[in-house]
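Participant: Sending over a structure as structure tokens; questions will come in a sec.
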Amino acid sequence: MKHIIITGGAGFIGSHLVRHFVLKYPNYWIHNVDKLTYAGNLANLKDIENAPNYTFHKLDICDAPAIEFLFEKYFVEGVIHLAAESHVDRSILEPLAFVHTNVVGTTTLLNAARKYWKDRKDVLFYHVSTDEVYGSLGPEGFFTEETPYNPRSPYSASKASSDHFVRAYFHTYGLPVVISNCSNNYGPYQFPEKLIPLMICNIIQNKPLPVYGKGENVRDWLWVLDHCQAIDLIFHYGRVGETYNIGGNNEWRNIDLVYLLCNLMDEALGRPKGSSASLIQFVTDRPGHDLRYAIDATKLRNELGWKPTVSFEEGLSKTITWYLENKEWVEEVVSGEYQQYYEKQYQKRIQPNF
């Protein structure tokens, strides 16, 4: 069997990708490598935890000996790297944690791949990145694969750095790599710190709906399973050394999206129209808040035939239904105990090791 490592496989996008590969490719043995920090949850994968071609490894991607052991023991032939600190607000508070995981962790994986693959060309290191590395757009235009990098938050700076390291290992050492940069994902299992699940969960509990500034920031939204299908295509058919942008062609101002969610939630919960919208509260904008992201996915469509398959309305409906039917999952991940665990681990990661 072909052994593939998927890092961050207990997280939001990672768990969907692990499930996709385990079920679609029975001739692949999928190794899920995740440290299980606050946003990693094995409950996301209960339906496949006993699959014959799946193994979970609780590991830190910065642990070089442990990562090298995996490569040596299982003769790993592919890596799809999603493990990352990913929340912009948290990066503003503790940037060093993002440098450690996103930059050092990525380079640790690259070193292991280079050491064990040597000059092989039938292997691949696939690095999953974000559109935030490109910076902020004005009212017009789109990010393409040629857009210069201009990261404006500690999170996007750490991801930009990791992208550069991946490309450097391709050019310097000949390591077979590919990179994709995606727009905002949404769907089931997303930790309720991100906009869509946060609004859904707060509406359920009649809590305030915090909207930064005037809510005029624009994001391109991508159904998480469409993203997984794009990763699948790029992993198998993408050109080595290339970058592919993955976007939903689905731009929304934050305030318009929140109003849409309010209307859909009122209908789903049987509440009078306008009930949820009354919970909206405008709050002080976060520092360096990029105005607009928008992806041009023409290259991916032309080369590999990918395009989104789920409309935003259909995807939001599916997402709302999932959160309403999985309240226990939500209660567990946002519990005080879970948050305390996260804060403890988070602080531990940023302490200097003398």
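Participant: Given the conditions (1) surrounded by fewer than 24 Cβ atoms within 10 Å (Cβ to Cβ); (2) over 16 Å from the mean Cα position of the chain (by Cα), and given that residue 30 satisfies all but one, which numbered condition is not satisfied?
Facilitator: (1)
Participant: Go through the stretch 25-59 and report how many residues are at positive phi and basic (Lys, Arg).
Facilitator: 0
Participant: Shifting gears a bit: Which of the residues spanning the stretch 197-221 are among the aliphatic types (A, V, I, L, M) and closer than 25 Å to residue 269 by Cα? Can you show your working first?
Facilitator: First, pick out the residues of the stretch 197-221 that are among the aliphatic types (A, V, I, L, M): 198-200, 203-204, 209, 211, 218.
Listed by number, the residues that qualify are 198, 199, 200, 203, 204, 209, 211.
Taken together, the values in this text are just the output of simple stated rules run on the coordinates, not laboratory data. The structure presented is a predicted model; accordingly, all values stated were derived computationally and were not measured. Because the Cβ atoms are built from the backbone with ideal geometry, glycine has one as well, and the counts that use them run over all protein chains shown.
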